[in-house]
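Presented below is the structure to which this report refers.
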Amino acid sequence: MLMRAAVIRPGSTEPSVEELEPPMAGAGEVVVGVSCAGINRNDVRAAAAAHELAVPIVPGSDACGTVVAVGDDIIGNVIGRRVVIDPGLDWGDDPRAPADRFEILGYPRPGTHAELVVVPRENVHPAPERLTDAEAAALPLAGVTAWRALVARGELRAGERVLVHGGSGGVATFAVQIAAALGAQVMVTTSSEEKLRAAVELGAEGGVVRQDRWTEELRRHGSFDLVLDSSGADWDQLLPALRRGGRLVALGRTAGDTASIDLHQLFWGQLDIRGTSMGSPQDFVALLDHVASSSWRPVVHEAVPLDMVAAAYRSVEKMGHTGKVVLRIATGGS
Ligand SMILES: NC(=O)c1ccc[n+]([C@@H]2O[C@H](COP(=O)([O-])OP(=O)(O)OC[C@H]3O[C@@H](n4cnc5c(N)ncnc54)[C@H](OP(=O)(O)O)[C@@H]3O)[C@@H](O)[C@H]2O)c1
């Protein structure tokens, strides 16, 4: 039987739903029947850059689903288990940084915006029991990125003051929730009053809406130990917001590929600028442990059927969401 999947074809501008041959598990692999799959900016970017593709791709890095088949060499009974997928492939042995061969599920390896996806056995983990399928599917890529940015790279300690720039995005929303759960005082910048209210409901103590004179308002909130930025914007305002010896962790470039900094602020302020991407297998397990012992839930802005994949990508592109947009791939998932 064929499976349904979102496909981005070279030269197309949007994903379309097609019927494909179902994938088979090779050695060391499992097949996951996808219940729900999160959408990330990576997926949207792949669709926008489809003119650069040499071959069609099935995008998608996040999923919650059930193991439906395994490779011949897989030991133990994993078939039927409800799992989430760690989208980081081949991180390697060094928790400090991934190996050169590191890849994200969904490109080039076929991803989760499909009824079936094949991943290495070590990339599936029990799905958090207290989360619905849609919530669990929202978690992996953005959640592990936020976790590593705060904990492994940001070295966040309870009681510290954290600023999340662009606080409504997928990664940023997890960052607000995780940092608050770890005992930090969290503030955000965001693009509307509505999004600011949402951030406060998720655990932020407050923040500023980026409109006229927002940087003056930000300064009135005092200095921060840690700033998280996924946009690449406003570093001339973010570095002065740090206390001496503070850290800025950069994880994205939504608003631009380059940032300029005042070197005097950097060295006189004894500041650290740290980059981070995704997370190690250890980070992923630590995130799941944290979720199991916490009460916050991933924010699912909307969960839409696979047939609406093109509209869902457009919705993420427009950035009106708070949290994550999720595809419902199988009927009957939670
Ligand atoms: N390094 C990694 O491993 C990794 C992993 C995941 C994502 N990323 C990258 O991180 C970025 C965010 O990803 P995401 O999935 O969280 O995206 P997203 O859900 O689409 O969120 C984007 C958010 O960025 C904020 N933003 C946009 N322009 C901004 C600006 N000029 N200044 C400040 N904030 C701005 C907006 O939030 P407000 O409306 O609240 O301002 C927007 O909602 C992307 O560039 C993505 O590629 C990197």
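The protection proxy used here, the mean number of other Cβ atoms lying within 10 Å of each residue, ranks peptides 253-265, 273-285, 317-329 as follows, highest first: 317-329, 273-285, 253-265. The length gained by stretching the chain between Glu302 and Arg243 to full extension, at 0.36 nm per residue less their Cα-Cα distance, is 17.5 nm. Within the range 227-302, the proportion of C-alpha pairs whose separation exceeds 21 Å stands at 45%. Overall form of the range 134-278: rounded. Here a/c, set by the Cα gyration tensor axes a ≥ b ≥ c, is under 1.5. Over the chain, calculate the relative contact order: mean separation of alpha carbon pairs under 8 Å at least 6 apart, over the residue count, as a percent. For the chain, the relative contact order is 20 percent.
In percent, rounded to a whole number, the relative contact order of the range 244-289 is 52, using alpha-carbon pairs under 8 Å and six or more apart. Annotation note: GluC sites (Glu not before Pro) in the range 129-172 located in DSSP loop regions with a Cβ neighbour count of at most 14 within 10 Å are Glu129, Glu155.
Largest mean-square fluctuation among Pro128, Pro22, Pro298, in a Gaussian network model of the chain whose springs join Cα atoms under 10 Å apart, belongs to Pro22. Note down the net charge around Ser334, summing +1 for each Lys or Arg and -1 for each Asp or Glu among other residues with Cβ under 9 Å from its Cβ. With Lys, Arg at +1 and Asp, Glu at -1, the neighbours total -2.
Centroid-to-centroid, using Cα positions, the range 139-178 and the range 1-77 are 27 Å apart.
The calculated 222 nm mean residue ellipticity attributable to helices in the chain amounts to -6500 deg cm²/dmol, summing -39500 (n - 2.57) over DSSP H runs of n ≥ 4 and dividing by all residues. Between the Cα long axis of helix 170-181 and the first principal axis of the chain there is an angle of about 70°, rounded to the nearest 10.
A straight line joining the Cα centroids of the range 201-224 and the range 270-334 runs 24 Å.
Here, each number is a calculation from the coordinates, and none is a lab measurement. This structure is a prediction, so every number in the text was calculated from the model and none was measured. Cβ: placed from backbone, ideal geometry, glycine included. Neighbour counts: every protein chain shown.
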